[in-house]
1. Cross-link partners among lysines for K240, C-alpha distance below 17 Å, same-chain residues fewer than 8 apart left out?
2. Using the heavy atoms of the protein chains alone and a 1.4 angstrom probe, what is the accessible area of the chain per residue in square angstrom?
3. Measuring from the lowest to the highest alpha carbon on each principal axis, how far does the range 72-193 reach, largest first, in angstroms?
4. Largest first and to the nearest Å, give the Cα extent of the range 193-296 along each principal axis.
5. Short version: ³J(HN,Hα) in whole Hz for each residue of the range 193-200, in order, from phi by Karplus 6.51 cos²θ - 1.76 cosθ + 1.60 (θ = phi - 60°), x for Gly and Pro, what are they?
6. Please turn the phi angles of the range 63-74 into ³J(HN,Hα) values with the Karplus equation 6.51 cos²θ - 1.76 cosθ + 1.60 (θ = phi - 60°), one per residue in order, whole Hz, x for glycine and proline.
7. Hey, which lysines would be in cross-link range of K229, C-alpha to C-alpha under 16 Å, not counting anything within fewer than 8 residues on its own chain?
8. Mind checking which lysines have their C-alpha under 17 Å from K361, skipping anything on the same chain fewer than 8 residues away?
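The values are calculated or read from the model by the stated rules, or taken from the named source; none is laboratory data. Quick caveat, the model's predicted, so the values are computed rather than measured. Quick reminder, even Gly has a Cβ in these numbers, built from the backbone with ideal geometry, and neighbours come from all protein chains shown. Accessible surface is based on the protein model in full, side chains and every heavy atom, while ligands, DNA and RNA are left aside. Shrake-Rupley method; radii C 1.70, N 1.55, O 1.52, S 1.80 Å.
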Amino acid sequence: QVACVEVVEAYVERIKEVNPLINAVVKDRFEEALQEARQVDKLLSEGPGDDCLEEKFPLLGVPITVKEAFSLYGMPNTSGLVNRRNVIATSDATVVSRLKQAGAIPLGVTNCSELCMWYESSNRVYGRTNNPYDLQRIVGGSSGGEGSVLAAACSVVGVGSDIGGSIRMPAFFNGVFGHKPTTGVVPNDGQFPNAHGVRTSYLCTGPMCRYAEDLEPVLRVMAGPGVSKLKLNEKVSLEKIKFHCMDHDGGSIFVSPVDKEILQAQKKVVEHLESDLGVQVQHVAIHKMKYSFQIWSAMMSSKDSEGQEAQRFTDLLGDHGKPVWPLWELMKWLVGMSSHTLPAIALGLTEKLVNLNLSGKAKLVSMGKSLQEEMEALLGPDGVLLYPSHPTIAPRHHSPICMPFNFAYTAIFNVLGLPVTQCPLGLGSEGLPLGIQLVAASYNDHLTLAVARYLEKAFGGWVLPGEV
(Lines give C-alpha, C1' and ligand atoms only; values in the text may rest on other atoms or scores of the structure.)
Protein backbone atom coordinates (compact mmCIF):
# COMPACT_ATOMS: atom_id res chain seq x y z
CA GLN A 1 0.00 0.00 0.00
CA VAL A 2 2.92 2.36 0.69
CA ALA A 3 6.23 2.71 -1.14
CA CYS A 4 9.26 1.61 0.86
CA VAL A 5 10.88 5.02 0.31
CA GLU A 6 7.85 6.67 1.96
CA VAL A 7 8.14 4.35 4.98
CA VAL A 8 11.87 4.96 5.42
CA GLU A 9 11.41 8.73 4.92
CA ALA A 10 8.71 8.76 7.62
CA TYR A 11 11.03 7.05 10.11
CA VAL A 12 13.95 9.31 9.18
CA GLU A 13 11.78 12.38 9.80
CA ARG A 14 10.58 10.93 13.10
CA ILE A 15 14.17 10.33 14.27
CA LYS A 16 15.15 13.88 13.26
CA GLU A 17 12.16 15.19 15.22
CA VAL A 18 12.65 13.35 18.52
CA ASN A 19 16.31 12.29 18.68
CA PRO A 20 17.48 15.72 19.92
CA LEU A 21 15.34 15.01 23.03
CA ILE A 22 16.08 11.33 23.62
CA ASN A 23 19.63 10.97 22.18
CA ALA A 24 19.03 7.35 21.21
CA VAL A 25 20.42 7.17 17.65
CA VAL A 26 24.13 7.98 17.96
CA LYS A 27 25.02 7.62 14.26
CA ASP A 28 22.62 7.44 11.34
CA ARG A 29 22.88 6.01 7.82
CA PHE A 30 19.85 7.81 6.36
CA GLU A 31 21.27 8.28 2.83
CA GLU A 32 22.20 4.60 2.51
CA ALA A 33 18.81 3.57 3.97
CA LEU A 34 16.92 5.67 1.42
CA GLN A 35 19.04 4.21 -1.38
CA GLU A 36 18.22 0.68 -0.12
CA ALA A 37 14.52 1.63 0.04
CA ARG A 38 14.62 2.71 -3.63
CA GLN A 39 16.11 -0.68 -4.53
CA VAL A 40 13.26 -2.40 -2.64
CA ASP A 41 10.66 -0.39 -4.59
CA LYS A 42 12.44 -1.25 -7.85
CA LEU A 43 12.46 -4.94 -6.92
CA LEU A 44 8.74 -4.85 -6.10
CA SER A 45 7.86 -3.09 -9.33
CA GLU A 46 9.64 -5.61 -11.54
CA GLY A 47 10.02 -8.69 -9.32
CA PRO A 48 8.35 -12.12 -9.35
CA GLY A 49 5.10 -12.95 -7.51
CA ASP A 50 4.60 -11.76 -3.94
CA ASP A 51 4.79 -15.24 -2.40
CA CYS A 52 8.27 -15.84 -3.73
CA LEU A 53 9.54 -12.48 -2.43
CA GLU A 54 7.94 -12.95 0.98
CA GLU A 55 9.68 -16.28 1.41
CA LYS A 56 13.06 -14.99 0.29
CA PHE A 57 12.89 -11.59 2.04
CA PRO A 58 10.56 -11.91 5.07
CA LEU A 59 11.58 -8.45 6.35
CA LEU A 60 11.73 -6.68 2.98
CA GLY A 61 11.90 -2.91 3.46
CA VAL A 62 11.41 -3.00 7.25
CA PRO A 63 13.32 -0.14 8.98
CA ILE A 64 15.44 -1.36 11.90
CA THR A 65 17.99 0.02 14.35
CA VAL A 66 21.01 -1.75 15.82
CA LYS A 67 22.66 -1.46 19.24
CA GLU A 68 26.03 0.26 18.70
CA ALA A 69 27.82 -2.69 20.36
CA PHE A 70 27.08 -4.74 17.20
CA SER A 71 29.11 -4.36 14.02
CA LEU A 72 27.10 -2.65 11.30
CA TYR A 73 29.27 -1.95 8.26
CA GLY A 74 30.46 1.66 8.10
CA MET A 75 29.08 2.53 11.54
CA PRO A 76 30.99 3.16 14.80
CA ASN A 77 31.46 0.17 17.14
CA THR A 78 32.76 1.70 20.40
CA SER A 79 30.37 0.33 23.04
CA GLY A 80 30.75 3.74 24.66
CA LEU A 81 34.48 3.30 25.34
CA VAL A 82 36.45 6.53 24.73
CA ASN A 83 39.59 4.80 23.47
CA ARG A 84 37.50 3.05 20.77
CA ARG A 85 35.93 6.27 19.52
CA ASN A 86 37.59 5.90 16.09
CA VAL A 87 36.62 2.26 15.56
CA ILE A 88 34.41 1.84 12.48
CA ALA A 89 32.92 -1.57 11.66
CA THR A 90 34.29 -3.12 8.46
CA SER A 91 31.75 -5.97 8.42
CA ASP A 92 28.33 -6.90 9.83
CA ALA A 93 27.65 -8.96 12.98
CA THR A 94 26.04 -12.30 12.07
CA VAL A 95 22.53 -11.26 13.18
CA VAL A 96 22.83 -7.90 11.40
CA SER A 97 23.90 -9.69 8.22
CA ARG A 98 20.94 -12.08 8.48
CA LEU A 99 18.48 -9.23 8.98
CA LYS A 100 19.90 -7.35 5.99
CA GLN A 101 19.71 -10.50 3.84
CA ALA A 102 16.05 -10.84 4.89
CA GLY A 103 15.47 -7.35 3.45
CA ALA A 104 15.60 -5.17 6.60
CA ILE A 105 16.98 -1.64 6.25
CA PRO A 106 19.16 -0.34 9.13
CA LEU A 107 18.59 3.35 9.90
CA GLY A 108 21.52 3.68 12.30
CA VAL A 109 23.08 2.57 15.58
CA THR A 110 21.83 3.31 19.09
CA ASN A 111 23.38 4.14 22.43
CA CYS A 112 24.38 1.68 25.17
CA SER A 113 26.11 1.80 28.54
CA GLU A 114 29.93 1.76 28.72
CA LEU A 115 31.02 -1.75 27.69
CA CYS A 116 27.36 -2.86 27.98
CA MET A 117 27.71 -3.58 31.69
CA TRP A 118 25.35 -1.14 33.38
CA TYR A 119 21.64 -0.47 33.39
CA GLU A 120 21.76 3.25 32.54
CA SER A 121 22.71 3.94 28.90
CA SER A 122 25.21 6.74 29.32
CA ASN A 123 28.87 6.98 28.34
CA ARG A 124 31.67 9.45 27.63
CA VAL A 125 31.45 9.01 23.85
CA TYR A 126 27.77 9.78 23.19
CA GLY A 127 26.36 11.08 26.47
CA ARG A 128 23.08 9.97 28.02
CA THR A 129 19.90 8.58 26.48
CA ASN A 130 16.53 9.72 27.87
CA ASN A 131 13.24 7.93 28.37
CA PRO A 132 10.53 9.11 25.91
CA TYR A 133 7.86 8.91 28.64
CA ASP A 134 9.84 11.22 30.94
CA LEU A 135 13.16 12.70 29.85
CA GLN A 136 14.34 12.75 33.48
CA ARG A 137 14.16 8.93 33.64
CA ILE A 138 16.60 6.26 32.51
CA VAL A 139 16.07 4.03 29.48
CA GLY A 140 17.78 1.03 31.08
CA GLY A 141 20.80 -0.74 29.73
CA SER A 142 22.70 -1.87 28.06
CA SER A 143 20.37 -1.92 25.01
CA GLY A 144 18.85 1.35 26.25
CA GLY A 145 19.09 3.24 22.97
CA GLU A 146 17.02 0.48 21.35
CA GLY A 147 14.34 0.65 24.06
CA SER A 148 14.11 4.42 23.72
CA VAL A 149 14.12 4.54 19.90
CA LEU A 150 11.38 1.89 19.65
CA ALA A 151 9.20 3.48 22.33
CA ALA A 152 9.45 6.83 20.53
CA ALA A 153 8.24 5.16 17.28
CA CYS A 154 11.54 5.81 15.47
CA SER A 155 12.11 2.20 14.42
CA VAL A 156 10.16 -1.02 13.88
CA VAL A 157 12.64 -3.61 15.17
CA GLY A 158 15.73 -3.38 17.34
CA VAL A 159 18.77 -5.63 17.70
CA GLY A 160 19.67 -6.07 21.39
CA SER A 161 21.87 -8.28 23.53
CA ASP A 162 21.41 -9.41 27.12
CA ILE A 163 23.78 -10.87 29.73
CA GLY A 164 22.01 -9.54 32.82
CA GLY A 165 18.76 -8.08 31.50
CA SER A 166 20.13 -5.77 28.80
CA ILE A 167 17.18 -6.45 26.47
CA ARG A 168 14.48 -6.84 29.11
CA MET A 169 15.19 -3.82 31.36
CA PRO A 170 15.13 -1.32 28.46
CA ALA A 171 12.02 -3.05 27.06
CA PHE A 172 10.37 -2.74 30.50
CA PHE A 173 11.38 0.88 31.22
CA ASN A 174 10.31 1.96 27.71
CA GLY A 175 7.10 -0.07 27.43
CA VAL A 176 8.04 -2.27 24.45
CA PHE A 177 8.51 -6.01 23.86
CA GLY A 178 11.86 -7.75 24.15
CA HIS A 179 12.84 -11.39 23.95
CA LYS A 180 15.89 -13.09 25.48
CA PRO A 181 15.98 -16.41 23.62
CA THR A 182 17.05 -19.75 25.03
CA THR A 183 20.85 -19.64 25.37
CA GLY A 184 22.94 -20.78 22.42
CA VAL A 185 20.34 -20.41 19.64
CA VAL A 186 21.03 -16.94 18.20
CA PRO A 187 24.72 -16.25 17.38
CA ASN A 188 26.51 -13.52 19.37
CA ASP A 189 29.37 -12.98 16.88
CA GLY A 190 30.29 -9.46 15.86
CA GLN A 191 29.54 -7.57 19.05
CA PHE A 192 31.97 -5.83 21.40
CA PRO A 193 32.57 -6.85 24.06
CA ASN A 194 31.74 -10.45 23.18
CA ALA A 195 31.46 -13.18 25.79
CA HIS A 196 34.39 -15.48 26.57
CA GLY A 197 34.71 -18.58 28.71
CA VAL A 198 31.69 -19.39 30.82
CA ARG A 199 29.91 -16.17 29.79
CA THR A 200 29.28 -17.53 26.27
CA SER A 201 26.51 -19.55 27.93
CA TYR A 202 24.89 -16.44 29.45
CA LEU A 203 25.03 -13.79 26.69
CA CYS A 204 21.99 -13.78 24.39
CA THR A 205 21.19 -11.74 21.28
CA GLY A 206 17.51 -11.11 20.60
CA PRO A 207 14.81 -8.89 19.10
CA MET A 208 13.09 -5.82 20.57
CA CYS A 209 9.83 -4.56 18.99
CA ARG A 210 6.80 -2.38 19.64
CA TYR A 211 4.39 -5.17 18.69
CA ALA A 212 4.41 -8.71 20.07
CA GLU A 213 3.67 -10.31 16.70
CA ASP A 214 6.98 -8.96 15.32
CA LEU A 215 9.14 -10.86 17.82
CA GLU A 216 8.73 -14.28 16.24
CA PRO A 217 9.50 -13.48 12.56
CA VAL A 218 12.56 -11.45 13.63
CA LEU A 219 13.71 -14.24 15.98
CA ARG A 220 13.43 -16.72 13.09
CA VAL A 221 15.71 -14.58 10.93
CA MET A 222 18.19 -13.94 13.76
CA ALA A 223 18.42 -17.62 14.69
CA GLY A 224 18.95 -18.81 11.10
CA PRO A 225 19.44 -22.60 10.98
CA GLY A 226 19.43 -22.66 14.83
CA VAL A 227 15.70 -21.87 14.75
CA SER A 228 14.97 -25.60 14.38
CA LYS A 229 15.85 -26.00 18.10
CA LEU A 230 12.93 -23.74 18.98
CA LYS A 231 9.36 -24.98 18.61
CA LEU A 232 8.07 -21.93 16.77
CA ASN A 233 5.86 -23.97 14.42
CA GLU A 234 4.03 -25.66 17.31
CA LYS A 235 0.51 -24.34 17.89
CA VAL A 236 0.10 -23.09 21.47
CA SER A 237 -3.11 -23.72 23.35
CA LEU A 238 -3.11 -21.07 26.09
CA GLU A 239 -5.69 -22.96 28.16
CA LYS A 240 -3.25 -25.87 28.45
CA ILE A 241 -0.33 -23.81 29.75
CA LYS A 242 0.51 -24.33 33.43
CA PHE A 243 0.92 -20.80 34.73
CA HIS A 244 3.05 -20.07 37.81
CA CYS A 245 3.42 -16.72 39.52
CA MET A 246 6.03 -15.31 41.89
CA ASP A 247 5.49 -11.79 43.29
CA HIS A 248 9.08 -11.06 44.36
CA ASP A 249 12.47 -12.69 44.91
CA GLY A 250 11.80 -13.47 48.56
CA GLY A 251 13.36 -10.31 49.97
CA SER A 252 17.04 -10.03 48.98
CA ILE A 253 18.96 -7.53 51.10
CA PHE A 254 20.69 -6.24 47.95
CA VAL A 255 17.55 -5.39 46.01
CA SER A 256 14.68 -2.86 46.44
CA PRO A 257 11.23 -4.17 47.43
CA VAL A 258 8.89 -4.48 44.42
CA ASP A 259 6.74 -1.36 43.82
CA LYS A 260 3.04 -1.70 44.69
CA GLU A 261 2.05 -0.69 41.14
CA ILE A 262 4.15 -3.46 39.62
CA LEU A 263 2.62 -6.01 42.00
CA GLN A 264 -0.84 -4.68 41.17
CA ALA A 265 -0.21 -5.03 37.43
CA GLN A 266 0.97 -8.62 37.93
CA LYS A 267 -2.14 -9.36 40.01
CA LYS A 268 -4.34 -8.07 37.18
CA VAL A 269 -2.59 -10.43 34.75
CA VAL A 270 -3.24 -13.39 37.08
CA GLU A 271 -6.91 -12.42 37.47
CA HIS A 272 -7.33 -12.00 33.71
CA LEU A 273 -5.71 -15.37 32.91
CA GLU A 274 -7.93 -17.11 35.47
CA SER A 275 -11.18 -15.46 34.41
CA ASP A 276 -10.61 -15.43 30.64
CA LEU A 277 -8.80 -18.74 30.08
CA GLY A 278 -10.26 -20.64 33.03
CA VAL A 279 -6.77 -21.65 34.21
CA GLN A 280 -5.51 -21.83 37.77
CA VAL A 281 -2.37 -19.73 38.29
CA GLN A 282 -0.13 -21.45 40.83
CA HIS A 283 1.63 -19.09 43.28
CA VAL A 284 5.15 -20.35 43.98
CA ALA A 285 7.95 -19.31 46.33
CA ILE A 286 11.34 -20.45 45.04
CA HIS A 287 13.69 -19.91 47.98
CA LYS A 288 16.95 -19.69 45.98
CA MET A 289 15.68 -16.69 43.96
CA LYS A 290 16.46 -14.59 47.04
CA TYR A 291 20.14 -15.08 46.17
CA SER A 292 19.74 -14.11 42.50
CA PHE A 293 22.39 -11.38 42.52
CA GLN A 294 24.97 -13.49 44.37
CA ILE A 295 24.34 -16.51 42.09
CA TRP A 296 24.62 -14.40 38.91
CA SER A 297 27.78 -12.70 40.14
CA ALA A 298 29.47 -15.98 41.15
CA MET A 299 28.52 -17.77 37.92
CA MET A 300 29.62 -14.83 35.75
CA SER A 301 33.10 -14.90 37.28
CA SER A 302 33.55 -18.69 37.42
CA LYS A 303 35.90 -20.76 35.23
CA ASP A 304 34.54 -22.68 32.25
CA SER A 305 34.75 -26.47 31.80
CA GLU A 306 38.29 -26.12 30.43
CA GLY A 307 39.40 -24.05 33.41
CA GLN A 308 39.48 -20.77 31.48
CA GLU A 309 39.03 -17.70 33.67
CA ALA A 310 36.27 -15.21 32.84
CA GLN A 311 37.57 -12.09 31.10
CA ARG A 312 38.22 -9.28 33.55
CA PHE A 313 36.21 -6.09 33.16
CA THR A 314 39.31 -3.98 33.89
CA ASP A 315 41.04 -5.60 30.88
CA LEU A 316 38.04 -4.75 28.70
CA LEU A 317 38.13 -1.14 29.90
CA GLY A 318 41.73 -0.97 28.66
CA ASP A 319 40.67 -2.55 25.32
CA HIS A 320 43.93 -4.29 24.37
CA GLY A 321 45.97 -1.54 26.00
CA LYS A 322 47.02 -1.45 29.66
CA PRO A 323 44.39 -2.78 32.12
CA VAL A 324 42.68 0.04 33.97
CA TRP A 325 43.33 0.59 37.70
CA PRO A 326 39.84 1.28 39.08
CA LEU A 327 41.04 3.05 42.24
CA TRP A 328 43.23 5.44 40.21
CA GLU A 329 40.31 5.99 37.77
CA LEU A 330 38.07 6.83 40.74
CA MET A 331 40.54 9.51 41.91
CA LYS A 332 40.61 10.92 38.35
CA TRP A 333 36.81 10.77 38.13
CA LEU A 334 36.46 12.84 41.32
CA VAL A 335 38.36 15.68 39.66
CA GLY A 336 36.63 15.24 36.28
CA MET A 337 39.63 13.68 34.50
CA SER A 338 38.56 10.07 33.92
CA SER A 339 37.36 8.97 30.48
CA HIS A 340 35.20 6.28 32.16
CA THR A 341 31.75 6.46 33.76
CA LEU A 342 31.35 6.01 37.52
CA PRO A 343 29.39 2.72 37.17
CA ALA A 344 32.20 1.23 35.05
CA ILE A 345 34.81 2.24 37.64
CA ALA A 346 32.64 0.84 40.46
CA LEU A 347 32.24 -2.45 38.58
CA GLY A 348 36.03 -2.65 38.20
CA LEU A 349 36.39 -2.18 41.98
CA THR A 350 33.75 -4.78 42.95
CA GLU A 351 35.14 -7.34 40.47
CA LYS A 352 38.16 -7.81 42.73
CA LEU A 353 35.97 -8.42 45.80
CA VAL A 354 34.03 -11.29 44.16
CA ASN A 355 37.15 -13.45 43.95
CA LEU A 356 38.16 -12.97 47.59
CA ASN A 357 35.83 -15.67 48.96
CA LEU A 358 36.42 -18.68 46.70
CA SER A 359 34.64 -21.28 48.85
CA GLY A 360 31.57 -19.03 49.11
CA LYS A 361 31.67 -18.56 45.32
CA ALA A 362 31.77 -22.34 44.72
CA LYS A 363 28.68 -22.76 46.94
CA LEU A 364 26.80 -20.11 44.97
CA VAL A 365 27.71 -21.70 41.61
CA SER A 366 26.41 -25.02 42.95
CA MET A 367 23.22 -23.27 44.17
CA GLY A 368 22.76 -21.80 40.68
CA LYS A 369 23.00 -25.24 39.08
CA SER A 370 20.45 -26.70 41.48
CA LEU A 371 18.13 -23.68 40.91
CA GLN A 372 18.37 -24.35 37.17
CA GLU A 373 17.26 -27.97 37.69
CA GLU A 374 14.44 -26.82 39.98
CA MET A 375 13.21 -24.28 37.39
CA GLU A 376 13.34 -26.73 34.48
CA ALA A 377 11.40 -29.28 36.56
CA LEU A 378 8.81 -26.71 37.68
CA LEU A 379 8.18 -25.32 34.19
CA GLY A 380 8.47 -28.56 32.22
CA PRO A 381 7.16 -28.77 28.63
CA ASP A 382 4.08 -26.56 29.20
CA GLY A 383 4.84 -24.09 32.02
CA VAL A 384 5.17 -20.28 32.06
CA LEU A 385 6.31 -18.28 35.09
CA LEU A 386 5.11 -14.69 35.67
CA TYR A 387 7.83 -12.70 37.44
CA PRO A 388 8.51 -8.96 37.97
CA SER A 389 10.85 -7.37 35.42
CA HIS A 390 12.47 -5.03 37.93
CA PRO A 391 11.62 -3.93 41.47
CA THR A 392 10.85 -0.35 40.36
CA ILE A 393 9.46 1.49 37.34
CA ALA A 394 11.99 3.51 35.28
CA PRO A 395 14.19 5.29 37.88
CA ARG A 396 15.45 8.86 37.58
CA HIS A 397 18.84 9.47 35.98
CA HIS A 398 21.85 8.51 38.16
CA SER A 399 19.72 6.78 40.81
CA PRO A 400 20.73 3.21 39.80
CA ILE A 401 24.12 3.89 41.42
CA CYS A 402 22.26 3.89 44.79
CA MET A 403 20.64 0.48 44.10
CA PRO A 404 23.16 -1.13 41.74
CA PHE A 405 21.93 -4.71 42.10
CA ASN A 406 18.26 -4.26 41.15
CA PHE A 407 19.03 -5.89 37.80
CA ALA A 408 19.06 -9.25 39.63
CA TYR A 409 15.39 -9.71 38.68
CA THR A 410 16.42 -10.13 35.04
CA ALA A 411 20.00 -11.38 35.47
CA ILE A 412 19.12 -14.65 37.18
CA PHE A 413 17.51 -15.99 33.98
CA ASN A 414 20.75 -15.45 32.01
CA VAL A 415 22.71 -17.86 34.19
CA LEU A 416 19.74 -20.27 34.17
CA GLY A 417 19.69 -20.14 30.33
CA LEU A 418 15.89 -19.83 30.16
CA PRO A 419 13.92 -17.98 27.46
CA VAL A 420 12.15 -14.83 28.69
CA THR A 421 9.78 -12.42 26.94
CA GLN A 422 9.39 -8.95 28.40
CA CYS A 423 5.79 -7.81 27.98
CA PRO A 424 4.45 -4.24 28.55
CA LEU A 425 1.26 -3.80 30.63
CA GLY A 426 0.24 -0.20 29.98
CA LEU A 427 1.28 2.87 31.98
CA GLY A 428 1.21 3.47 35.74
CA SER A 429 0.02 6.50 37.72
CA GLU A 430 3.11 8.55 36.76
CA GLY A 431 2.65 7.80 33.06
CA LEU A 432 5.58 5.35 33.07
CA PRO A 433 5.47 1.83 31.59
CA LEU A 434 4.57 -1.24 33.63
CA GLY A 435 5.36 -4.78 32.53
CA ILE A 436 6.11 -8.39 33.36
CA GLN A 437 8.60 -11.15 32.51
CA LEU A 438 7.26 -14.38 30.99
CA VAL A 439 9.65 -17.28 31.58
CA ALA A 440 9.61 -20.84 30.17
CA ALA A 441 11.87 -23.90 30.25
CA SER A 442 14.72 -24.13 27.70
CA TYR A 443 13.67 -24.19 24.03
CA ASN A 444 10.06 -23.32 24.92
CA ASP A 445 10.33 -19.77 23.55
CA HIS A 446 7.10 -20.40 21.60
CA LEU A 447 5.14 -20.44 24.90
CA THR A 448 6.33 -17.04 26.17
CA LEU A 449 5.88 -15.46 22.72
CA ALA A 450 2.29 -16.76 22.52
CA VAL A 451 1.46 -15.45 26.01
CA ALA A 452 2.98 -12.05 25.09
CA ARG A 453 0.71 -11.82 22.02
CA TYR A 454 -2.28 -12.70 24.21
CA LEU A 455 -1.42 -10.15 26.93
CA GLU A 456 -0.87 -7.44 24.31
CA LYS A 457 -4.50 -7.84 23.21
CA ALA A 458 -5.72 -7.89 26.82
CA PHE A 459 -3.63 -4.97 28.19
CA GLY A 460 -2.97 -2.82 25.11
CA GLY A 461 0.77 -3.34 24.66
CA TRP A 462 2.89 -0.35 23.63
CA VAL A 463 1.44 3.12 24.26
CA LEU A 464 2.75 6.10 22.24
CA PRO A 465 4.58 8.46 24.66
CA GLY A 466 2.67 11.67 25.27
CA GLU A 467 -0.65 10.16 24.21
CA VAL A 468 -2.14 9.73 27.69
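1. Leaving aside lysines fewer than 8 places away in the same chain, those within reach of K240 are K231.
2. 41 Å²
3. Rounded to whole Å, the extents work out to 36, 32, 26 Å.
4. 40, 37, 24
5. For the range 193-200, the Karplus-derived couplings read x, 8, 7, 10, x, 5, 5, 4 Hz, x marking Gly and Pro.
6. x, 10, 10, 10, 4, 4, 5, 8, 5, 10, 2, x
7. K180
8. Within the straight-line limit of under 17 Å, K361 reaches these lysines: K288, K290, K303, K352, K369.
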